[in-house]
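Below is one structure; the comments refer to it alone.
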Amino acid sequence: MTDSAFHSDTLAFIGGGNMARSLIGGLARRGVDARTIRVAEPVAALRQALVADFDVQVFERGEDAVAGAGLWLLAVKPQMMRAACEPLAAAAQAQRPLVVSIAAGIPVARLQAWLGGGLPVVRCMPNTPALLGAGVTGLYAGTDVGPAGRRRAQELLSNAGATVWVGEESLIDAVTAVSGSGPAYAFLLAEAMEAAAMAEGLPAPDARTLVAHTLLGAGRMLAESSEAPAELRRRVTSPGGTTQAALETLQAGGFEALVARAVHAARERSAELAAAGDA
């Protein structure tokens, strides 16, 4: 899909919080006409900021924002999603938009029910680095979504970073466990590395700089290299050297198994939260 397709099709954002702002900012950077973007946001201060920053059309009510829009982006908190969707059901059935949801834990079937059924719905799981355009989003297309809808959804979410499609909706729980929650794992590692650096005598500001840029550089190497993580690790691990001593200590403590258990626990919790919403 080309950028011109966005120019000819109005987008409606239901919710004007941080994630919506990051996507709108990405569209603005690509030159998408602000007049084609409509945002429903009940908080007046957020509406004013959206107009000031992006010159988009803003509305207090979702029913006004979706008028004439061919793509709806649902960006409200999960606990608010039903209240946001049900008043839009009549418009959804009349307009038959492509619906893209970035709300965690809400299955396609539930969104369909709230909007009257029979709509093309794409469920997404972005992560917080998307706010910098450096995130990654997992996407799942409901059965009513065709190739054009998939392209439209991917083009929109690519403004937040990389995209990965999954073939089964249950795998969104795995995406949540790996990338949705993943930034917190990296932040916990950073906390531990900073504390260890200070314990070895480094001043706190220096520890912060060393750790932050080490993780940033390692992340870029992973993203930009075609080599597997194991090969990148091998290249920086000299036999008998300092890195080998550190890695052997981590592995002796069960590092890989601990990470696997943590990711599995996050996936199970994601599935539990989704199931609880069906009760």
For segment 201-237 and segment 136-197, what is the separation of their C-alpha centers, rounded to whole Å?
21 Å
For the chain, with the dipole built from +1 on Lys and Arg beta-carbon atoms and -1 on Asp and Glu ones, taken about the Cα centre, which of Pro126, Thr249, Gly25 lies farthest toward the positive end?
Gly25
Computed [θ] at 222 nm, helices only, for the chain once each DSSP H run of length n ≥ 4 contributes -39500 (n - 2.57):
-16000 deg cm²/dmol
Considering only DSSP beta bridges where both residues belong to the chain, give the percentage that are antiparallel (nearest 5).
15 percent
Within 10 Å, count the other beta carbons around each residue, average over each peptide in 19-27, 250-258, 212-220, and list them highest first.
19-27, 212-220, 250-258
Taking H as built 1.01 Å from N, whose amide H comes closer than 5 Å to the amide H of Thr137, not counting residues under 5 places away?
Ala162, Thr163, Val164
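Only the coordinates and a few stated rules stand behind these numbers; no lab work does. Keep in mind that this is a model prediction, so the values were computed, not measured. A quick note on method: Cβ atoms are made from the backbone with ideal geometry, for glycine too, and the neighbour counts reach across all protein chains shown.
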